[in-house]
Amino acid sequence: MTIADIARRLDISKAAVSYALNGQPGVGAATRQRVLEVAEEMGWYPSSSARALRGAETGVVGLVLSRPPELLTFETFFVHVLAGMEKVLAERGSSLLLRVIGDHPDEEIRTYQRWWGERRIDGVFLLDERFRDPRIATIEKMDIPAVLWGGPLRDWKMPALWTDQGADAEIVVAHLHELGHRRIAHMSGPLGFVHERSRRRGVRRAATRRGMDVVTVEGAYTGPEAAELTATLLDGDPATRPTAIIYGSDVMAASGLTAALENGVDVPRELSVLSWDDSQLATLIRPSVTALHRDNMAHGALAAGCLIDLVEGRNRGRVQLPASVLVRRDSTAAPTG
């Protein structure tokens, strides 16, 4: 269905139909209303390619995830974030162009460059800020509207959603300290991500202030490696090994908890387990896992709103996400030793 079809139906010029559909002057109010009614009746929708050629917005925003595709099958963070994004985008008449490319940040940059060059998108989301992130300079140089999930960066001029990881570290370390733990371990996710570096730094500082010994190790977000690292941490004298482990994700915590139990370590009497991410998984395993809870769906909705606002000319700047809430479950308790 085209503008010409509507013009023939109403016996008016194509220019008049175009003016009416695009909210431009040149037609009377009655004609404009009739054109809109007939367009809806005939099932007419604007051509995204034609809009792009004349410099109009496409109604599409892009997201490239540089993560292994299989991670999305068990990592609920992305599912909740995407659901929140889609909710707001649908309400505001926009769509999400999504691509999952594996752990290839360079390909992420090339994809955004191609989409922007082809005028397929109005803006992009940058998830998982990386240490010395090469995407930042590229996006700024190309002047692509973008929302960064990370920061806050001093020179970043567009919206950024950021979490006070140090404050979250205070919450988890304070909880373990109150229970009586003095030897703890922190198993982070990959330290190429800025948020994991901030968490590690926060845990170390919070533990040092309380006179606690802390061991930090880096792991993958997949379960098998977390299980192996947990077994290594617990392979020693019970009098000197950690009495609590903080894991970077719920999947890591579930795997670590299972490994501890399989090695004859009682959870939580001999080892407390705490996850930096909360999900339904934390409630299904036994013992259920104490975790930091965040409303990731609401955060995804907020990111989408910030990006659409930016495309429309309103820059919200730095937006601090609400503080995480510790949900206490059965996996943390006072150490028996």
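For region 298-311, which residues satisfy the criterion of being hydrophobic (A, V, I, L, M, F, W, C) and surrounded by 17 or more Cβ atoms within 10 Å (Cβ to Cβ)? Reasoning before the result, please.
From region 298-311, those hydrophobic (A, V, I, L, M, F, W, C) are 298, 301-304, 306-308, 310-311; that's our starting set.
Once the filter is applied, which keeps residues that are hydrophobic (A, V, I, L, M, F, W, C) and surrounded by 17 or more Cβ atoms within 10 Å (Cβ to Cβ), region 298-311 yields 301, 302, 303, 304, 306, 307, 308, 310, 311.
How many of the residues making up region 296-315 are assigned to a loop (DSSP other than H, G, I, E, B) and either at pLDDT below 95 or among the polar types (S, T, N, Q) (or both)? Write out each step before concluding.
Taking region 296-315 as the starting set, the residues that turn out to be assigned to a loop (DSSP other than H, G, I, E, B) are 312-315.
Next, only the ones that are either at pLDDT below 95 or among the polar types (S, T, N, Q) (or both) stay: 312-313, 315.
So the answer is 3.
Please determine whether any residue of region 209-220 is surrounded by 18 or more Cβ atoms within 10 Å (Cβ to Cβ), at pLDDT 95 or above, among the aliphatic types (A, V, I, L, M) and within 27 Å of the chain's Cα centre (by Cα).
No, region 209-220 contains no residue that is surrounded by 18 or more Cβ atoms within 10 Å (Cβ to Cβ), at pLDDT 95 or above, among the aliphatic types (A, V, I, L, M) and within 27 Å of the chain's Cα centre (by Cα).
Go through region 69-114 residue by residue and tally those that are in contact with a Ser or Thr (Cβ under 8 Å, 6 or more places away or on another chain), more than 21 Å from residue 131 (Cβ to Cβ) and touching a residue at least 60 places away in the same chain (Cβ under 8 Å).
Residues flagged as in contact with a Ser or Thr (Cβ under 8 Å, 6 or more places away or on another chain), more than 21 Å from residue 131 (Cβ to Cβ) and touching a residue at least 60 places away in the same chain (Cβ under 8 Å) within region 69-114 amount to 2.
Can you tell me which of (1) in a loop (DSSP other than H, G, I, E, B); (2) within 23 Å of residue 298 (Cβ to Cβ); (3) at pLDDT below 85 is the one residue 93 doesn't meet?
For residue 93, the failing item is (3).
Could you check region 195-219 and list, in sequence order, the residues that are assigned to a strand (DSSP E or B) and farther than 28 Å from residue 161 by Cα?
The answer is 213, 214, 215.
The values are calculated or read from the model by the stated rules, or taken from the named source; none is laboratory data. Nothing here was measured: the structure is a model prediction, and the numbers come from that model. Note that each Cβ is placed from the backbone with ideal geometry, even for glycine, and that neighbours are counted across all protein chains shown.
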